[in-house]
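Scroll down for the structure; my scribbles are underneath it.
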Amino acid sequence: MNIDPRVYELYDEYCHGSMNRREFLLRAAAIAAGGLAMAQALLPRYALAQIISVTDPRIKAQYVRYPSPGGNSGTMRGYLAQPSGAGPFPAVLVIHENRGLNPYIEDVARRAAAEGFLALAPDGLFPAGGYPGNDDDGRALQSGLDQAKLHTDMLNSARLVKAHKLSSGKLGATGFCWGGGAVNFLAVALGADLQAGVPFYGAAADSADVPKIKAPLLVQLAENDPGINGMWPAFEAALKANRVPHRMHTYPGTRHGFHNNSTPRYSEAAAKLAWERTIAFFRRHLA
């Protein structure tokens, strides 16, 4: 389906919490003939997003609970995916978007495990009852959390997987949308305890905090994403000024969320290349 760019723009507003589903559908219907069908086509279909099955013999996956002092409830739940074998394995934290641990992010954790990494995908919504099974309620729950404590929950999750008995002690982090910004937060907060960060279309950290970053960064950006891309020139200048190793890739013709293969924003070629680069980056820095 050819989707009107204005409907894409509305969807970005909807995804980032500026409107609810009903308003999104109504406004899309008013934009153009077929606007309602375009809007409905953009809503996620998670059954289509599975690349690595939960029964894949290369991995083992389970939900785990762990302490999170200073977080939103003091306890967290996450999805731990490990390669088959005895380990140890380099560890990777996989951070969700602004709606909690949905099936797409669980699949990304399994993809990382299939590549030989011990992957933990925390559910930031666990203190509010966990991912509710749909993105609309997930966004509302996440926006209602104490954001500083939510970041603490991600920090505790990173420390947990780094210290896990199956971990080699080397830690990487990747995340998408809100999770991309959380990767940049962790790069500041963890300093030398993070060995590699790969934020996908995430908010930049404060340039004043860049001197605290010790991990090399691989920054993945969509071409058509002005809200995020506008943050990066100042941040990149600070990275260069502080000699933080980094590389930025902007993928032509893509929109925010291009890696998420559950919606039509997905760009197969760009997502595949970005993921290949992510795995190569982690292998290089977490070996």
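Among the residues of region 242-287 satisfying the criterion of being small (Gly, Ala, Ser) and outside any loop (DSSP other than H, G, I, E, B), which is farthest from Arg111 (Cα to Cα)?
Result: Gly253.
Tell me which residues, restricted to region 218-241, are exposed (fewer than 14 other Cβ atoms within 10 Å of the Cβ) and either in a loop (DSSP other than H, G, I, E, B) or polar (S, T, N, Q) (or both).
The answer is Gly230, and nothing else.
Determine which member of the set Tyr251, Tyr201 is in contact (Cβ under 8 Å) with a residue 24 or more places away in the chain, at positive phi and not aliphatic (A, V, I, L, M).
Going through Tyr251, Tyr201 in turn, just one is in contact (Cβ under 8 Å) with a residue 24 or more places away in the chain, at positive phi and not aliphatic (A, V, I, L, M): Tyr201.
From Ala203, Ala173, Ala215, Ala187, grab the single residue that is assigned to a helix (DSSP H, G or I) and among the aliphatic types (A, V, I, L, M).
None of the others qualify; the one that does is Ala187.
Do we find that Arg139 is touching a residue at least 40 places away in the same chain (Cβ under 8 Å) and over 12 Å from the mean Cα position of the chain (by Cα) in this structure?
yes
Just name the residue that is modelled with the lowest pLDDT out of those in region 264-287 that are under 15 Å from Leu48 (Cα atoms) and out of contact with any Phe, Trp or Tyr (no Cβ under 8 Å at 6 or more places or on another chain).
Pro264
The values are calculated or read from the model by the stated rules, or taken from the named source; none is laboratory data. What you see is a predicted model, and the numbers here were worked out from it, not measured in a lab. FYI the Cβ positions are ideal-geometry reconstructions off the backbone, even for glycines, and counts take in every protein chain you see.
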